[in-house]
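The values are calculated or read from the model by the stated rules, or taken from the named source; none is laboratory data. Quick caveat, the model's predicted, so the values are computed rather than measured. Virtual Cβ from ideal backbone geometry, glycine too; neighbours counted across all protein chains shown. Ligands, DNA and RNA are stripped out before the accessible areas are found, and what is left, the full protein with its side chains, is counted by its heavy atoms. Shrake-Rupley method; radii C 1.70, N 1.55, O 1.52, S 1.80 Å.
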Amino acid sequence: TLPISRFGGFGGNTACCQVHTDNANLIIDGGSGIRDLGLSLLGGPCGKGQGKVDILFTHFHWDHLIGLPFFVPIFIPGNEINVYSVQPGVEQIFRHVFQKPYFPVPYERLGAKINYHQLEPRQAKAFGDIEVTPYQLDHPDPCGGFKFIHNGKSFSYCVDTECTRASREDLGPDLPLYQNVDLMVFDAQYTFSEAMEKIDW
């Protein structure tokens, strides 16, 4: 019986998460939260056009992209943006975001150098002292989750997943994403009744 603002809250940002150590600084997804993160990076090398940023994308629905046009480091010449995903064709997606009528600044006017890298599913990649392994999540178009390992600790990032594969057998090679984890972000976006109505949303 509570109003939405009392039990669910309001405001906030769409998906963007930062994972960092002394030797690595990773951003996951480019939701609206990447705007504030970008502003915080301006106090370091990114503000001087000497910064390097690694962004991992789970998938490319609008709520995971919407902050990119407001990520200031991408406009500063000299910065280097490395984009990682398991999906191919990401440059075309970026070009789509930075074009009219979606955004007035075209892709060609972005100051930073943008490099695109395709990750192999279930194959670990080192980012400094963090090991990152992408796994498949249960979300259309498709969607990847990430498991981060650093100094014997692990963190799994699982967003927009409907968890339609519930058994060990169904999860198969993606089971390690959910095993031996110290911390997990698991996006449970629907109530039980909503989930029944929104399969494959």
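Taking the criterion of being exposed (fewer than 15 other Cβ atoms within 10 Å of the Cβ), touching an Asp or Glu at 6+ places or on another chain (Cβ under 7 Å) and polar (S, T, N, Q), no residue of the stretch 116-139 qualifies.
If you go through the stretch 100-153 and keep only what is closer than 15 Å to Asn82 by Cβ and of a type in the set (Lys, Arg), you end up with Lys113, Lys125. Against the test of being open to solvent by less than 10 Å² (accessible area, probe 1.4 Å), touching a residue at least 24 places away in the same chain (Cβ under 8 Å) and more than 25 Å from Asp141 (Cα to Cα), the options Asn23, Asn79 yield a single qualifying residue, Asn79.
Here the condition is being open to solvent by less than 90 Å² (accessible area, probe 1.4 Å), within 22 Å of Glu120 (Cα to Cα) and polar (S, T, N, Q); of Thr191, Thr161, it holds for Thr161 alone.
Checking Ile34, Ile66, Ile74, Ile55 one by one, the residue that is under 16 Å from Cys17 (Cβ atoms) and touching a residue at least 40 places away in the same chain (Cβ under 8 Å) is Ile66 and no other. For Tyr107, the conditions (1) surrounded by 14 or more Cβ atoms within 10 Å (Cβ to Cβ); (2) modelled with pLDDT under 90 all hold with the exception of (2). What are the residues in the stretch 82-101 that are among the small types (Gly, Ala, Ser) and surrounded by 14 or more Cβ atoms within 10 Å (Cβ to Cβ), if any? Ser85, the sole residue that qualifies.
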